[in-house]
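Everything below concerns the one structure shown next.
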Amino acid sequence: QVQLVESGGGLVQAGGSLRLSCAASGRTVSKYAMGWFRQAPGKEREFVVAISWRNSTTAYADSVKGRFTISRDNAKNTVYLQMNSLKPEDTAVYYCAAAPSITTIKVRIDSWGQGTQVTVSS
């Protein structure tokens, strides 16, 4: 399995920006699609964005299109989530995730990060 460690969460005012990082380790880490999910208190965990490991194909939830950008540095085994124009409704614990492919990331997750808190104040 792949191990994931997240960083970069914090408190930001509405309209501000944050960049999350997810460092992956493991023998087969380069074969994984990577993505981000988020979960607010009392709500279900929801898909945010994903990126393929080979071609950097991306998939975004409608709620974050135009505001969030995912990128991947395979040499560093790290995926990034640049979050701009943040809104209070973006407040959640953000989890990095690894899956066999971008096609399956919404239905099959092999590894989760520990989560990092993002709080957006109004």
Check: Which residues, counting only those in the range 61-79, are open to solvent by 60 Å² or more (accessible area, probe 1.4 Å) and hydrophobic (A, V, I, L, M, F, W, C)?
Finding: ALA75
Next item on the list: Can you run down the residue pairs with Cβ atoms below 6 Å, 6 or more apart or on separate chains, where the first is in the range 63-77 and free of Cβ contacts under 8 Å to residues at least 24 places away in the same chain and the partner is open to solvent by 50 Å² or more (accessible area, probe 1.4 Å) and part of a loop (DSSP other than H, G, I, E, B)?
Entry: ARG67/ASN84; ARG67/SER85
Check: Which of the residues that make up the range 85-109 are open to solvent by 30 Å² or more (accessible area, probe 1.4 Å) and outside any loop (DSSP other than H, G, I, E, B)?
Finding: PRO88, GLU89, VAL93, TYR95
Notebook entry, point to check: Taking the range 8-31 only, how many residues are assigned to a strand (DSSP E or B) and open to solvent by 60 Å² or more (accessible area, probe 1.4 Å)?
Noted result: 3
Next item on the list: Read through the list (1) in a strand (DSSP E or B); (2) farther than 16 Å from LYS87 by Cβ, then give the number of the only condition that VAL49 fails.
Entry: (2)
Next item on the list: Could you please find all residues in the range 45-57 being open to solvent by 30 Å² or more (accessible area, probe 1.4 Å) and either within 15 Å of CYS96 (Cβ to Cβ) or of a type outside the set (Val, Ile, Thr) (or both)?
Entry: ARG45, GLU46, PHE47, TRP53, ARG54, ASN55, SER56
Checklist line | Output for the range 32-44, where each listed residue is of a type in the set (D, E, K, R) and open to solvent by less than 90 Å² (accessible area, probe 1.4 Å) | finding: ARG38
Note to self: Here are the criteria: (1) surrounded by 18 or more Cβ atoms within 10 Å (Cβ to Cβ); (2) in a strand (DSSP E or B); (3) of a type outside the set (D, E, K, R). Tell me which single one GLN82 does not satisfy.
What the structure shows: (1)
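The values are calculated or read from the model by the stated rules, or taken from the named source; none is laboratory data. Here the structure is a predicted model, which is why all the values come from computation and not from measurement. Every residue, glycine among them, receives a Cβ derived from its backbone with ideal geometry; neighbour counts consider all protein chains shown. With ligands, DNA and RNA removed, areas are computed over all heavy atoms of the protein, side chains included. Shrake-Rupley method; radii C 1.70, N 1.55, O 1.52, S 1.80 Å.
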